[in-house]
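**Student:** Submitted below is the structure of interest, expressed as structure tokens.
Read-outs throughout are calculated quantities, based only on the coordinates presented, and are distinct from any laboratory measurement. Just so you know, these numbers come straight off a predicted model, no measurement behind them. Neighbour counts are summed over all protein chains in view; Cβ atoms, including those assigned to glycine, are modelled from backbone coordinates with ideal geometry.
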Amino acid sequence: MSDAYRIPALSMIMLGVRKIDESLLFYQDKLGLIVKQRFEGFAFLDTGAVMLILSEALAKNAPNVAGAVEVIFNVDDVKAHHDSLLGRGVEFVQPPHNVNGPMWAANFRDPDGHLLTIFGPESKS
């Protein structure tokens with residue numbers, strides 16, 4: 001094993017979902033993500049650097065769809081994004097709170113129970 005090896009950058013995260021149409025309503029309408037590609041049982045959403053993939057096939061045989069995973073969206077103003085998402089009908093399991101120094105977070109779940117978080121400074125300076 002070479003000490004010089006480093007695995008390339010993370011490019012995609014795939015989440016298992018039970019009903020892709022219901023999940024797409026959440027990710028598109030509430031979070032404002034754009035579908036880059038879609039075919040039977042799969043949707044590829046543009047989040048910037050990392051593609052988020054929703055997959056019915058991944059959830060099909062899983063006893064628990066959501067697990068010990070947290071998807072974190074980096075934002076420049078947690079309180080403003082929290083307010084915007086509230087206005088879009090997103091229900092938070094934990095409102096904006098300080099996690100470390102100047103960094104804040106607020107947590108919510110998608111229709112399948114996946115934990116999603118907005119993370120960054122409390123507000124723009």
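**Student:** Just subtract the alpha-carbon distance of Ala4 and Leu86 from 0.36 nm times their residue separation and send over the number in nm, one decimal.
**Tutor:** Result: 24.9 nm gained on full extension.
**Student:** Give me the lysines in straight-line cross-link reach of Lys79: C-alpha distance below 26 Å, same-chain residues under 8 apart excluded.
**Tutor:** Lys30, Lys124
**Student:** So I have [x] 15.6, 58; [y] 15.9, 51; [z] 18.7, 57, and one of them is Rg and Dmax of the Cα atoms in Å calculated from this model. Which one is it?
**Tutor:** [y]
**Student:** If you don't mind, another one. Could you give the length gained on full extension between Phe42 and Ser11, defined as 0.36 nm per residue of separation minus the Cα-Cα distance, in nm?
**Tutor:** So the chain would gain 9.5 nm between Phe42 and Ser11.
**Student:** From the helices alone, meaning DSSP H stretches of at least four residues, give me the mean residue ellipticity at 222 nm for the chain, per-run term -39500 (n - 2.57), in deg cm²/dmol to the nearest 500.
**Tutor:** It comes out at -4000 deg cm²/dmol, rounded to the nearest 500.
**Student:** Can you run phi through the Karplus equation (6.51, -1.76, 1.60; θ = phi - 60°) for region 35-43 and list ³J(HN,Hα) in whole Hz, with x for Gly and Pro?
**Tutor:** 6, 8, 7, 8, 8, 2, x, 9, 9
**Student:** Shifting gears a bit: Can you give the longest stretch of the chain with no exposed loop site, where a site means GluC sites (Glu not before Pro) in a DSSP loop (not H, G, I, E or B) with at most 10 other C-beta atoms within 10 Å?
**Tutor:** Longest site-free region, per DSSP loop and neighbour criteria: 41-90.
**Student:** What number, in percent, do you get for the relative contact order of the chain if the mean sequence gap of Cα pairs under 8 Å and at least 6 apart is divided by its residue count?
**Tutor:** Normalised by residue count, the contact order of the chain is 24 percent.
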